[in-house]
Structure formats: C-alpha cells, structure tokens
Amino acid sequence: MSTAFIRNYQFNIIKKQAEFLLKTLRTVADRKVIETVRYRSAVNVIEAFPYLEGDQQQMLEQISALETAYDFQRYLETLEPYLDPFPPITVKQIEKLFPKNKKLKVPDLQSIDFRYVTYLSWVDIATNRLFIVYPFEGRFIGIEGRITPTNKKGYCLFCNRHQELAFFSVKTKPANASPDHYAAIGHYVCMDNHGCNQVITDTGSLEKFILSVRK
C-alpha cells in the first residue's frame, strides 16, 4: 500500500460521510434505511478517488461496517497516516510567486499542519490582500487580490458551506488587451480560510477560479 494516497479534500469527504452515517445510526430505526446509507457512504467515499489499489479500497470500505462513535473515531485515526499533505514549499518559493510584492508577509510555515491543507492562503490585514497558493500539475500557482468583508453569510465558492463571507477580487489582464487594461474577477469566499480547508470536498470551483485569474 502506498504511504500516502488521501488528499485533504478527500479526507473531508470521508469525514462527512462518517458523520452522516453515525447520525443515521443514532436517529433511524429502519434497518433497510440504515443498510442503504451504509452502502451509499462506502460508494461515495470510493468515488472520491480516481484510482485505488485493492487494499486501499478495502480500508476505505470499512466505513460501511462501523457502529459506534468510537468506531468512527478510530476509523478516521487509522486513515491519518495515509494523508497526502500539501507539497513542501519554502518562503523563497512563495516570494517568487508574488514578485511585485516586495513587502510580502508570509505565514509561519512551521506552524501549519499541511496534511489538512488543500490550498494555502493568508490575509495581509494592513493592505486587505488575500494570497492563495495552490499546487497544480506539478507546480505552484499564486494569486492575490483585494478582500472585502461583507458582514453577511452565504455560500463560499471554494467549500460551498454557509458561512460569513468576504468578496475576493483579483485583477487580471484579458487576452489581447492593451498593456494598461485590466479587468477584475471576483467571488465570495470564506472569511475563515482555515475552516474552509477543513470542509472543502471538491477542488473544481477552486481550480476553475485560480486558472481564470492567473497571469
């Protein structure tokens, strides 16, 4: 079995299925309903992975046989050694992604548990700038833009949870535009980037946005 094969967003899918199955076991008496939920939980977990080795699939499918809260806790704990962390990155690598920002404030990378990171992000409060670093096809992409709190709740573009939002606006240069012509692309995202990483279950919207604004 490979040492690491579960990315953070996939682990979030597993946690979500585990929570739903445990809730079903606690609140539903109909055995047919419970068996259906057990089956669907395993299917939803397996479908989150484009490829699995046989023993990896067997490990993940154990979710369908769990009974108690302790069982679910142990199940998730046994998967943690197989988490595939955010690729190693240094401060210098991050600085190269934002060459125009000479006073870039990079977060303390040593304090971050990269097993639970799908995208690296931080806010420079002094300038109201949000920075995002994302690994894509073997390299890092960095984007930055203005972040404006909205003081209201809604659905985050990245994790699709109902949460307090901010408007993230990124300047981009349209194709074939004059050198001094810029456009802005913006979306509503979580104010709490750490919380966003804890629940994101799909990288599609995140990747689409990053690729649409990268220079």
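At Phe136 and Ala4, where each label point lies 7 Å from the Cα along Cα→Cβ, what is the point-to-point distance in nanometres?
Reported label-point gap for Phe136 and Ala4 is 2.1 nm.
So if we plug the beta-carbon distance of Lys173 and Lys152 into 1/(1 + (r/R0)^6) with R0 = 35 Å, what FRET efficiency do we get, rounded to 0.05? Kindly include the intermediate steps, with their values, before the conclusion.
Details: r = 31 Å, r/R0 = 0.88.
So the FRET efficiency works out to roughly 0.70.
Hey, what do the phi angles of region 105-112 turn into as Karplus ³J(HN,Hα) couplings, whole Hz, using 6.51/-1.76/1.60 and θ = phi - 60°, x for Gly and Pro?
9, 9, x, 6, 5, 5, 8, 9
Exposed loop chymotrypsin sites (Phe, Trp or Tyr not before Pro) only (DSSP loop, at most 12 other Cβ atoms within 10 Å): please give the longest stretch of the chain free of them, not including the sites.
52-181
Roughly how many percent of the accessible protein surface of region 109-215 is carbon and sulfur, given a 1.4 Å probe and a whole-percent answer?
On the way: 2900 of 5900 Å².
So the carbon and sulfur contribution to the accessible surface is 49 percent.
Evaluate the relative contact order of region 11-147 (contact order divided by residue number), counting alpha-carbon pairs under 8 angstrom at least 6 apart; express in whole percent.
Relative contact order comes out at 16 percent.
With no solvent and one point on each alpha carbon, what is the Debye value of log10 I(q)/I(0) for the chain at q = 0.08, 0.09, 0.10 Å⁻¹?
Those come out to -0.35, -0.44, -0.54, one per q.
Once you keep just the Cα pairs under 8 angstrom separated by 6 or more residues, what percentage relative contact order results for region 76-215? Don't skip to the end; give the middle numbers.
On the way: 213 pairs, mean separation 25.3, N = 140.
Across region 76-215, relative contact order equals 18 percent.
Among all the lysines, which ones have a C-alpha under 18 Å from Lys103's C-alpha, if same-chain residues fewer than 8 places away are not counted?
Here the lysines satisfying the reach criterion relative to Lys103 are Lys92.
Accessible area per residue, 1.4 Å probe, Å², for the chain: what's the number?
For the chain, the solvent-accessible area averages 59 Å² per residue.
Between Ile141 and residues 5 or more places away or on another chain, which pairs have amide H atoms under 5 Å apart, with H built 1.01 Å from N, and which residues are they?
Those lying under 5 Å, H to H, from Ile141 are Tyr134, Phe136.
Could you calculate the contour length gain from Phe98 to Val33, that is, 0.36 nm times the residue separation minus the distance between their Cα atoms, to one decimal place in nm?
Details: separation 65, 0.36 × 65 = 23.40 nm, distance 5.20 nm.
Result for the pair: 18.2 nm of gain on full extension.
With n ≥ 4 as the cut-off for DSSP H runs, can you work out [θ] at 222 nm for the chain, using -39500 (n - 2.57) per run divided by the number of residues, rounded to the nearest 500? Each step should come with its number before you reach the end.
Numbers: 7 runs with 80 residues, N = 215.
For the chain, the value works out to -11500 deg cm²/dmol.
If the cut-off is a Cα-Cα distance under 19 Å, which lysines reach Lys96, setting aside same-chain residues fewer than 8 apart in sequence?
Lys96 reaches Lys105, Lys171, Lys215.
Using the beta-carbon distance between Glu164 and Gln58 and R0 = 45 Å, what value does 1/(1 + (r/R0)^6) give for FRET efficiency, to the nearest 0.05?
E between Glu164 and Gln58, to the nearest 0.05, is 0.65.
How high is the relative contact order of region 14-78, given as a whole-number percent (alpha carbon pairs under 8 Å, six or more residues apart)?
On the way: 40 pairs, mean separation 24.3, N = 65.
The normalised contact order for region 14-78 reaches 37 percent.
Would you list which aspartates and glutamates come within 20 Å of Lys173, measuring only between C-alpha atoms, while excluding same-chain residues fewer than 8 positions from it?
Leaving aside aspartates and glutamates fewer than 8 places away in the same chain, those within reach of Lys173 are Glu144, Glu207.
Around Thr172, which amide H atoms from residues at least 5 apart in sequence, or from another chain, sit under 5 Å from its own amide H, with H modelled in the peptide plane?
Ala183, Ala184, Ile185
Mind checking the full-extension length gain between Arg40 and Ser205? Use 0.36 nm per residue of separation minus the Cα-Cα distance, one decimal, nm.
Between Arg40 and Ser205, full extension yields an extra 57.0 nm.
With a length cut of 27 Å (Cα positions projected on each helix's long axis) and a Kyte-Doolittle mean of at least -1.0, go through the chain and give me the DSSP H helices that pass.
8-27
The values are calculated or read from the model by the stated rules, or taken from the named source; none is laboratory data. Given the structure is predicted, the values throughout are model-derived calculations rather than measurements. Note that we place each Cβ from the backbone using ideal geometry, even for glycine, and neighbour counts take in every protein chain shown. Just so you know, the surface numbers come from the protein's heavy atoms only, side chains and all, with ligands and any DNA or RNA stripped out. Shrake-Rupley method; radii C 1.70, N 1.55, O 1.52, S 1.80 Å.
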